[in-house]
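The values are calculated or read from the model by the stated rules, or taken from the named source; none is laboratory data. Remember, it's a predicted structure, so these values are computed and weren't measured experimentally. With ideal geometry, Cβ positions are generated from the backbone for all residues, glycine too; neighbour counts draw on all protein chains shown. These accessible areas exclude ligands, DNA and RNA; they are computed on the full protein's heavy atoms, side chains included. Shrake-Rupley method; radii C 1.70, N 1.55, O 1.52, S 1.80 Å.
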Amino acid sequence: MRFINIHLYLAIFLTLTSARAEAQARTKEDAKRLVVMISGTLGKNTTSGGGIIIGRDGSTLYILTANHVLRSGDKVIRNSKALLWIGTPAKPQELPLTLLDYDSDLDIAAVQVQLPATLDQFPDTIRSNCLVGSNSVFEDMPVILMGHGSKSAWHYSTVGNKISEPPQENRFNFESINLADGDSGGGLFTDNWELIGMIQGESNTDAYALPIEAALKWAESKKYPIMLKPHLAIYSFTASPTSTAYNGATQLKWSTSYGCKARIAPAVGEVGSKGSEELILEDTTEFVLTCAQGTDSVTRSVQVVVLMPPSTRSFELRTPAAFPGADATLAWDVLDATSCTIDQGIGDVPTTGSVNIKVPLKPTTFTLSCDGEGGTSQRSLEVAPQLRPTITTFKANPDKVDTGGEVILGWTSENADTCALDGAAVAKTGDVAFRLSANRTFTLICKNGSGSDSKTLTVPVRPSVVIHSFSATPTEINAGDTSTLQWSVSNATSCSLSGQAVQDYQGEQSLDVAPPRTTSYTLRCTGPGGPATRSATVSVNEKVTVTSFSASPASITQGDQSKLSWSSTGAQSCSISPGFMDVAASGSEYVTPNETTTYDIECTGRGGTDSKKTKVRVKSGPLFCCNAVGAKVCPMLVPGVPGAFCQCMNGWGVVYFSGASCY
């Protein structure tokens, strides 16, 4: 038990009481600066009421009041004035006002007054805690009224007033024994002089006021400047329930002051000043509500505990080899559980532990069920007796191969833990390829804790036919000559030489051939291991033959041309004499012999040499030469006698010339 010194307590109480009285005096003074007195003429009667200063733009003050203070039907207030508590020291100052706008349904109106330079001392802001929202208003809450009641400026009452009903969006109902004519448009305050509404009037048993948020929202829609600063507060922040099962729901509820920029972390984000949110949780979470205004903020947190369902960390059979009827141990470890049971006749068990069982004769499922504050969970475990391994298939495809051929071994097994093929680890079911050059026996062994199984498989390899050699000697012959084919073969059952069956093929064999032209011989042998082929080529050199050699024309006049033409077979080169040392194997050339000439052509190739002759006959004719000017002239028969008359004889007649010309 904690004890407090009574004298110290009394001193603290008196100090706090004095401070509260001083604070109330300050906030009442602030309220007087905030509330103005409005008066004027409405029709034939005078009218009065209160108003609330909401903002300032230069020397212009913006004021909200009840619409019925300024208007009645089609009548509008005249000679209107506003009485302000202003100046230093503060005192009443009366200024004319101007109607700006109104809303009959909301019973609200806006007016403005112009401050003269001598009174331009109105503060830009009111106390930061002068404004609170409807979230902080509750039934039976004490309130203070300040208005122009009974035409008494800044009439206020602090007792006998309270909120009579739960607040509504656009209305506070309150009881007051002090409400009087002229209070409409004035301010409704908490008992700490915090503004919560604008008085609008009374009905039957209750008075009513417009919540200050509704009034300011209307003013904001008209784009009037607003200088009132809200009281920054979180009135409530709760979670229901504060503990829930995994994936269970909880509902967050909150209420903050007006103007608060509210945010809930984690997961929720920005929210309104009042509301609720239902969340599904997987983990224990602490939610923090932050209420911020400018650089100021307040926070409140609430934690929701998530009761996790039981979590089975392990449920296993701790036995190296579970043979039917063998002793085995079931072991488990469960978190967040209060109780557990295992079926199959075991019953209640601790949340962590083990139990001995006999391995059943057939596969059996054991189910571990656990309960906890967060729910229930189950984990199942199948316990199957371990049987001896069995190699169910072990085959070769194909079952025999040629030398160097590929075989694929395939197998399947049951109940095996490991398998090995010729000592090398392999899958329990699989296949593998091998290339074989000789017969081979394979051994497959599969094992588990209860034993092993093995199978062997022999794959025979058929011997391949081998042509050890196949050649021609010599590899090049002249037409009509012979070459000897030689070969050596093993493992063959038959052979053929270029399609013709060979009777003697095993061992060393030979055959003389005389091909008329270059020939490729193919030796093909077959046997159990498949066919084999080899080739050898005998190149035959073709006999060289000059097939033609002629002159056209065969007779020419001296100075004319004849065309020599020739062709040959098997020749690599030819020569013609006289005149041509190297010509093509077939072709033509022009000749201009001065006398009858016999031409010889000789052609040479790998197959030998051949030659032919042809003759070109030449008849003599006049002999001409050219003189200095290019004309044809006859040669002089008598040298040294230029210009003499002479006679040139040839086989064609007589040609006469005189001087340098022929005629």
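Hey, what do the phi angles of segment 436-452 turn into as Karplus ³J(HN,Hα) couplings, whole Hz, using 6.51/-1.76/1.60 and θ = phi - 60°, x for Gly and Pro?
So the Karplus estimates, Gly and Pro as x, are 10, 10, 8, 3, 9, 10, 9, 10, 10, 10, 10, 9, 8, x, 9, x, 8 Hz.
Give me the extension gain from Phe138 to Thr592: residue separation times 0.36 nm, minus the current Cα-Cα distance, reported in nm with one decimal.
149.0 nm
For Val349, which sequence-distant residues (separation of 5 or more, or a different chain) have an amide H within less than 5 Å of its own amide H, given hydrogens modelled in the peptide plane?
Under 5 Å from the amide H of Val349: Cys340, Thr341, Ile342.
How large is the accessible surface of Lys563 in square angstrom, using a 1.4 angstrom probe and rounding to the nearest 10?
Accessible area, nearest 10 Å²: 70 Å².
Which residues does a label at Ile408 reach in segment 428-443, if reach means a backbone N under 14 Å from a point 7 Å past the Cα toward the Cβ?
430-435
Heavy atoms only, probe 1.4 angstrom, no DNA, RNA or ligands counted: give me Arg517, Arg617, Arg379 ranked by accessible area, highest first.
Final ranking, largest accessible area leading: Arg517, Arg617, Arg379.
By the gyration tensor of its Cα atoms, with a ≥ b ≥ c the square roots of the eigenvalues, what is the shape of segment 404-496: rounded for a/c under 1.5, prolate for a/b over b/c, or oblate?
In terms of gyration-tensor shape, prolate.
Kindly report, to the nearest 10 Å², the accessible surface of Asp336 as traced by a 1.4 Å probe over protein heavy atoms only.
Its accessible surface works out to 90 Å², give or take rounding.
Between Lys400 and Ile280, what FRET efficiency follows from the Cβ-Cβ distance if R0 is 56 Å, with the result rounded to 0.05?
0.20
Ser490 accessible area, nearest 10 Å², 1.4 Å probe?
Per-residue accessible area (Ser490): approximately 30 Å².
In whole Å, what three semi-axes, largest first, describe the equivalent ellipsoid of segment 275-401 built from its Cα gyration tensor (square root of 5 times each eigenvalue)?
The answer is 52, 24, 10 Å, longest axis first.
Do any of Lys75/Lys261; Lys543/Lys563; Lys28/Lys274; Lys151/Lys274 go past 31 Å between their Cα atoms, and which?
Beyond 31 Å: Lys75/Lys261; Lys151/Lys274.
Spin-label point model (7 Å from Cα, Cβ direction): what's the Ser339 to Lys91 distance in nm?
So the label points at Ser339 and Lys91 sit 8.6 nm apart.
Provide the FRET efficiency to the nearest 0.05 for the Ile346-Ala427 pair, computing r from the beta carbons and using R0 = 51 Å.
Efficiency computed from Cβ-Cβ geometry: 0.85.
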